[in-house]
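The values are calculated or read from the model by the stated rules, or taken from the named source; none is laboratory data. Note that the structure is predicted; figures quoted are calculated from it, not measured. We place every Cβ from the backbone using ideal geometry, glycine too, and count neighbours over all the protein chains shown.
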Amino acid sequence: MKKRHSFGFILIITALLFFLSMRIQFEHTKNQIKDPEEGRDLLGLPRDIVESASDLDLKPLWENQRSQDDNENFTALLAMAVGISQKKNVDLMVRKFLLAKCSVMLFHYDGNVDEWHDFEWSSRAIHILAHNQTKWWFAKRFLHPDVVSVYDYIFLWDEDLGVENFHPGRYMELMFSEELEISQPALDPELSSDIHHRITVRDKKAKVHRRVYDYRGSMNCSDESKGPPCTGWVEGMAPVFSRAAWRCVWHLIQNDLIHGWGLDMKLGYCAQGDRTRKVGVIDAEYIVHLGIPSLGGASAAKAPSYKTMDTRTHIRRQSTAELKKFRKRWNKAVSEDKAWTRRFGSNDRMKRVKT
């Protein structure tokens, strides 16, 4: 009798273990299908055949792959939407980043690629053409996190930035040592012609700053401030993202809203922690914001025409309309995601936009 009971007990235990293993396998398969990061189309492939990372380095067709330069501490990608009217300034920017062993991707919004080929570095850059699209449109479609995961930092910059006092290598070292996930270089207040927010202005006495103190008008930026535009915030013209932050930001960029208005106010949620500590403005490596309009703006060498000004008006109206849509989507998502609300609070709603 004891043997029968023991045998029955073993059968029950075996059946339970089999059931549990099948349940775990089922849940794993179900999560793998549901999880967009895993990819439901990969279930038919052997696991080890999938390469975990890629890059944007050009691969030679007729010679052995050149070995990577291990002298650089960090890897980075500079991605910019460019037009031929800013050719001279873009050249200065690209040369700085190539000297720091960074990869370069240029998004050509004016349809002009051929006139860039006279630069020695042109064949080393990735050129992508799509007429009249913003850098956010390009970034959503060509900077998928899996493709750029090899890079430590992503520089998603505008074309009208002066980089005479900027060094990419030293900048990344500061970003790393200060444990910043999202940052931007400070703006030189003496030379920049387009400064919108005080937090972006260079503090000559600091290496890095994370907040600004401002009590003018309705502003009340103090040590108690927890969010933009007082702290935890960078502007959209020259953001720099860590690998982890970019994966989050890429998902935040809306597929159909191309101007990106409103994104800067929410980037801090992608900072992989406390945005008042993980987001900052780096003063030691600073830039100049020239404030030259693109995407329908006038050429730097020509006076703006009536047609140009009219185009800019339409672009601004479209940007405002997209901001309203983004605000509505954000508020709806916040109200429906109770777990997010418990974590971050219920008062982070985007205010209405006055037109």
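What the table shows:
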item	result
Condition broken by PRO185, with the remaining ones in (1) closer than 23 Å to PRO168 by Cβ; (2) in contact with a Lys or Arg (Cβ under 7 Å, 6 or more places away or on another chain) satisfied	(2)
Flag for ALA300 being surrounded by 12 or more Cβ atoms within 10 Å (Cβ to Cβ) and at pLDDT 95 or above	no
VAL163 being out of contact with any Cys (no Cβ under 6 Å at 6 or more places or on another chain), modelled with pLDDT of 95 or more and of a type in the set (Val, Ile, Thr)	yes
Selection from region 100-147 of residues that are out of contact with any His (no Cβ under 9 Å at 6 or more places or on another chain), surrounded by fewer than 17 Cβ atoms within 10 Å (Cβ to Cβ) and among the hydrophobic types (A, V, I, L, M, F, W, C)	PHE119, TRP121, ILE126, PHE142, VAL147
Total residues in region 179-190, condition farther than 19 Å from HIS289 by Cβ and surrounded by fewer than 16 Cβ atoms within 10 Å (Cβ to Cβ)	1
Failed item in (1) modelled with pLDDT under 95; (2) out of contact with any helix residue (DSSP H, G or I) (no Cβ under 8 Å at 6 or more places or on another chain); (3) surrounded by 22 or more Cβ atoms within 10 Å (Cβ to Cβ), with GLY273 passing the rest	(3)
Test: residue in region 245-259 that is basic (Lys, Arg), modelled with pLDDT of 95 or more and over 24 Å from HIS131 (Cβ atoms)	yes
Tally of residues being assigned to a helix (DSSP H, G or I), farther than 21 Å from VAL150 by Cβ and either without any contact (Cβ under 8 Å) to a residue 60 or more places away in the chain or among the aliphatic types (A, V, I, L, M) (or both) across region 80-122	12
Meets criteria (surrounded by 23 or more Cβ atoms within 10 Å (Cβ to Cβ) and more than 22 Å from LEU56 (Cα to Cα)) for LEU174	no
Selection count, region 210-233, where residues are under 20 Å from the mean Cα position of the chain (by Cα) and not hydrophobic (A, V, I, L, M, F, W, C)	6
Search result, residues across region 123-144 that are in a loop (DSSP other than H, G, I, E, B) and within 19 Å of LEU257 (Cβ to Cβ)	ALA130, HIS131, ASN132, GLN133, THR134, LEU143, HIS144
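Results for (1) within 21 Å of PHE155 (Cα to Cα); (2) outside any helix (DSSP H, G or I); (3) in contact (Cβ under 8 Å) with a residue 12 or more places away in the chain, shown as yes or no for each residue.
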site	(1), (2), (3)
ARG216	no, yes, no
MET219	no, yes, no
GLY227	no, yes, yes
ALA244	yes, no, yes
TRP250	yes, no, yes
TRP261	yes, yes, yes
